[in-house]
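For reference, the structure discussed in these notes is given below.
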Amino acid sequence: MNTKEYISSGILELYVLDQLEDRERKEVKENMTQYDEIKKEVEAIESALLIYSTFNSRVPPPHMKDEIISEIIQMKLL
């Protein structure tokens with residue numbers, strides 16, 4: 001297997017984003033156990049997405065919780 005081509009194919013990003021069919025997920029998992037380079041790349045992708053989400057997340061305004069609860073209560077009464 002050419003691991004460089006496999007890594008650059010985009011399949012690992014799809015794996016991390018849970019966008020693969022079962023057969024493809026199984027293939028990636030098997031390749032991660034066989035090839036340390038692929039495992040390290042998956043870990044790097046996961047880490048990068050975690051960092052990205054941390055720096056780009058927003059805290060909702062404080063009043064949002066009350067509005068959501070109010071909406072839920074109104075829906076149950078209908």
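Every number here is computed from the coordinates shown, using simple stated rules; none is lab data. Not measured: the values here are computed from a predicted model. FYI the Cβ positions are ideal-geometry reconstructions off the backbone, even for glycines, and counts take in every protein chain you see.
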In the chain, lysine pairs closer than 26 Å at Cα, eight or more apart or cross-chain: 9
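Quote the charge dipole size of the chain about the Cα centre in Debye, to the nearest 20; the model charges only the Cβ of Lys and Arg (+1) and of Asp and Glu (-1). Provide the component values of the computation, followed by the final result.
Values: 10 positive and 16 negative charges, 47 e Å.
It works out to roughly 220 debye.
Counting helices only, and only those DSSP H runs with n ≥ 4, report the 222 nm mean residue ellipticity of the chain as the sum of -39,500 (n - 2.57) divided by its residues, in deg cm²/dmol to the nearest 500. Don't jump to the answer; show the numbers that get you there.
Working: 5 runs with 61 residues, N = 78.
Calculated at 222 nm, the ellipticity per residue is -24500 deg cm²/dmol.
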For the chain, longest principal axis from Cα atoms; helix 36-56 axis from its Cα atoms; angle between them, nearest 10 degrees, is 20 degrees
For the chain, the longest principal axis of the Cα atoms and the Cα long axis of helix 63-77 enclose an angle in degrees, to the nearest 10, of 70 degrees
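Ranking request for peptides 38-51, 17-30, 61-74: highest mean number of other beta-carbon atoms within 10 Å first, then the rest in descending order.
So the peptides 38-51, 17-30, 61-74, ranked by packing, come out 38-51, 17-30, 61-74.
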